[in-house]
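Input: a single structure, listed below in structure tokens.
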């Protein structure tokens with residue numbers, strides 16, 4: 001059985017998945033929080049057995065909002081990213097102790113701020129979808145985060161799933177025509193197709 005944990009991107013990306021699964025997603029949960037608290041939100045190890053496939057989807061909020069804020073406080077970009085991913089994977093290892101396989105989904109490409117504002121208008125500081133940093137900076141954070149996530153997956157024998165090249169423009173931003181007009185994936189047919197292929201190969 002498939003168990004999916006993540007933020008709102010997990011909910012949107014896996015919508016209409018043909019494989020039976022349990023959805024334990026909760027909106028607005030950051031990778032930082034998962035690593036800081038050493039706890040996967042809604043996780044209960046008693047639900048899992050050795051046939052369970054555990055899939056986790058976190059990190060978009062961190063890349064869109066929080067990495068640049070930490071840089072503005074004087075922290076080093078690579079140190080922030082390395083710490084985020086290291087703590088995230090430590091939490092996974094500490095909590096997911098019984099399963100068939102762990103799948104880590106890469107981070108969706110960042111939405112271009114201009115695209116979002118063309119639909120919703122300019123973004124105030126207290127907006128529920130803040131964009132902190134320039135588009136090219138958020139592209140860089142996302143690319144680096146995904147690279148470090150992939151490296152950890154190799155080390156820990158997890159499955160790294162990143163079908164997002166299909167949804168990425170040449171400048172590294174999200175193809176907005178595939179979105180829900182905010183920051184989520186709406187046209188997820190390709191995502192689901194590739195995930196089902198992966199799942200069936202496990």
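The values are calculated or read from the model by the stated rules, or taken from the named source; none is laboratory data. Because the structure is predicted, anything quoted here is derived from the model rather than measured. As a convention, Cβ positions derive from the backbone with ideal geometry for all residues, glycine included, and neighbour counts pool all protein chains shown.
In summary, residue 10 fulfils each of the numbered conditions (1) closer than 24 Å to residue 183 by Cα; (2) touching a helix residue (DSSP H, G or I) at 6+ places or on another chain (Cβ under 8 Å) with the single exception of condition (2).
Between 109, 130, 163, the distinction of being in contact (Cβ under 8 Å) with a residue 24 or more places away in the chain and touching a strand residue (DSSP E or B) at 6+ places or on another chain (Cβ under 8 Å) belongs to 109 only.
The residues listed here are 92, 107, 103; of these, the one that is surrounded by 13 or more Cβ atoms within 10 Å (Cβ to Cβ), under 28 Å from residue 2 (Cα atoms) and touching a helix residue (DSSP H, G or I) at 6+ places or on another chain (Cβ under 6 Å) is 107. Taking residue 170, is it surrounded by fewer than 15 Cβ atoms within 10 Å (Cβ to Cβ) and either part of a loop (DSSP other than H, G, I, E, B) or in contact with a strand residue (DSSP E or B) (Cβ under 7 Å, 6 or more places away or on another chain) (or both)? Taking the combined requirement at face value, the residue satisfies it.
Would you confirm whether any residue within region 113-120 is over 17 Å from the mean Cα position of the chain (by Cα), in contact (Cβ under 8 Å) with a residue 12 or more places away in the chain, surrounded by fewer than 21 Cβ atoms within 10 Å (Cβ to Cβ) and closer than 20 Å to residue 4 by Cα? No; the residues of region 113-120 include none that is over 17 Å from the mean Cα position of the chain (by Cα), in contact (Cβ under 8 Å) with a residue 12 or more places away in the chain, surrounded by fewer than 21 Cβ atoms within 10 Å (Cβ to Cβ) and closer than 20 Å to residue 4 by Cα. Please go through region 10-43 and give me each residue that is closer than 17 Å to residue 108 by Cβ, outside any helix (DSSP H, G or I) and touching a strand residue (DSSP E or B) at 6+ places or on another chain (Cβ under 7 Å), ordered by number. Result: 14, 25. Residues in region 136-166 that are surrounded by fewer than 16 Cβ atoms within 10 Å (Cβ to Cβ) and over 14 Å from the mean Cα position of the chain (by Cα): 136, 151, 154, 155, 156, 157, 165, 166. Residue 46 satisfies every condition listed in (1) out of contact with any helix residue (DSSP H, G or I) (no Cβ under 8 Å at 6 or more places or on another chain); (2) at pLDDT 95 or above; (3) part of a helix (DSSP H, G or I) except (2).
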